[in-house]
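Take a look at the structure below.
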Ligand code: TXA
Ligand code: MG
């Protein structure tokens with residue numbers, strides 16, 4: 001594809017110029033690829049929503065180089081500071097009260113809070129620091145579809161709508177960042193991700209509140225639509241068999257009841273490997289046009305919680 005550019009210094013410069021011109025880029029991060037634009041400009045953020053076909057009430061994450069830049073745009077209390085110090089740069093987003101320093105209202109969907117993340121991907125870091133302002137970036141897929149974990153995936157989702165996609169290799173994490181909100185001295189888990197509530201509790205020494213889906217009063221992440229991250233093919237979870245016209249996503253040994261094609265999520269049953277492979281596997285399974293995508297049982301422990309969260313949403317069984 002001629003809009004995919006390898007991440008050398010010339011092309012990183014090209015990406016920065018594209019952002020300065022108010023245009024969008026496909027941007028690698030360690031979690032998934034982002035559809036990035038100037039977070040301070042309403043017209044640019046509107047373009048992000050239009051390109052993704054995303055409902056406007058969904059606020060976006062502002063990507064920064066680190067805490068120094070983040071502090072200009074969000075109000076970090078002691079707890080939020082501690083979380084940023086422990087987990088940045090990395091696959092964790094912190095929602096804090098917004099400072100009126102320039103991130104546009106549309107990026108925050110008119111909320112008084114702002115979601116901020118400092119990715120640890122070196123290419124993302126170079127682009128943000130060269131641009132010098134926060135980059136609003138949702139995952140670079142059409143709303144409701146599977147998040148892209150390679151530059152090719154971005155091109156497959158949005159290629160004709162994007163002039164510049166920077167190829168920073170396959171995403172190492174493969175799942176969107178963990179999102180926590182820090183409000184009124186409490187930490188709320190808003191989206192499961194690479195870092196678990198237990199990881200955060202251990203590092204910060206404070207309880208992480210996990211909102212129940214049934215709790216009306218619990219703070220929610222507006223982006224947590226029930227059906228999300230979906231392939232076009234129906235999915236069935238916790239499967240132990242699959243017919244010839246189905247594709248099986250395996251976790252270790254492939255059961256004898258699997259008659260057709262399978263894609264291995266992790267031969268050695270390593271959950272980090274499953275996370276990194278999951279979206280690619282769903283995308284590839286979808287491309288084979290099977291009747292159903294069957295998925296092996298993935299243990300719901302540690303990173304398995306975030307993996308199962310995405311699987312349940314993809315299957316629409318929540
Ligand atoms: O890993 C990631 O986070 C990727 C990469 C590109 O950085 N980005 C990503 O963005 O997943 P997106 O837009 O698909 O998800 C943003 C999430 C949504 O669940 C949204 O509701 C939540 O962050 N969010 C953003 N601002 C918020 C706010 N002010 N309050 C609560 N949740 C917020
Ligand atoms: Mg997304």
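The set of residues from segment 142-152 being surrounded by fewer than 24 Cβ atoms within 10 Å (Cβ to Cβ) and either within 16 Å of ligand 2 (Cβ to nearest atom) or closer than 23 Å to residue 92 by Cβ (or both) comprises 142, 143, 144, 145, 150.
Evaluated against (1) more than 16 Å from ligand 2 (Cβ to nearest atom); (2) at pLDDT below 95; (3) within 18 Å of the chain's Cα centre (by Cα), residue 134 falls short on exactly one condition, (2). Among the conditions (1) out of contact with any helix residue (DSSP H, G or I) (no Cβ under 7 Å at 6 or more places or on another chain); (2) in contact (Cβ under 8 Å) with a residue 12 or more places away in the chain; (3) more than 16 Å from ligand 2 (Cβ to nearest atom); (4) not in a helix (DSSP H, G or I), the only one that residue 96 does not satisfy is (1). It is to be established whether one or more residues within segment 242-249 are closer than 17 Å to residue 174 by Cα and either surrounded by 15 or more Cβ atoms within 10 Å (Cβ to Cβ) or in contact with a helix residue (DSSP H, G or I) (Cβ under 8 Å, 6 or more places away or on another chain) (or both). Among the residues of segment 242-249, at least one is closer than 17 Å to residue 174 by Cα and either surrounded by 15 or more Cβ atoms within 10 Å (Cβ to Cβ) or in contact with a helix residue (DSSP H, G or I) (Cβ under 8 Å, 6 or more places away or on another chain) (or both), which makes the answer yes. Selection within segment 31-48: residues that are surrounded by 20 or more Cβ atoms within 10 Å (Cβ to Cβ) and in a helix (DSSP H, G or I). The member of this set that is nearest to ligand 2 (Cβ to nearest atom) is 48.
Kindly provide the set of residues from segment 138-162 that are in contact with a helix residue (DSSP H, G or I) (Cβ under 8 Å, 6 or more places away or on another chain) and closer than 15 Å to residue 62 by Cβ, ordered by number. Selection gives 138 alone. If you go through segment 8-29 one residue at a time, how many are buried (at least 21 other Cβ atoms within 10 Å of the Cβ) and either within 16 Å of ligand 2 (Cβ to nearest atom) or in a loop (DSSP other than H, G, I, E, B) (or both)? Number of matching residues: 5. The single condition among (1) at positive phi; (2) without any contact (Cβ under 8 Å) to a residue 12 or more places away in the chain that residue 273 does not meet is (1). Taken together, the residues in segment 37-51 that are at pLDDT below 90 and touching a strand residue (DSSP E or B) at 6+ places or on another chain (Cβ under 7 Å) amount to 0. Does residue 203 meet the test of being in contact with a helix residue (DSSP H, G or I) (Cβ under 7 Å, 6 or more places away or on another chain) and either within 15 Å of ligand 2 (Cβ to nearest atom) or modelled with pLDDT under 90 (or both)? The answer is no for residue 203. Inspection of segment 65-80 finds no residue satisfying the criterion of being under 23 Å from residue 178 (Cβ atoms), surrounded by 24 or more Cβ atoms within 10 Å (Cβ to Cβ) and in contact with a helix residue (DSSP H, G or I) (Cβ under 6 Å, 6 or more places away or on another chain).
The values are calculated or read from the model by the stated rules, or taken from the named source; none is laboratory data. Just so you know, these numbers come straight off a predicted model, no measurement behind them. All Cβ positions, even for glycine, are placed from backbone atoms using ideal geometry, and neighbour counts span all protein chains on display.
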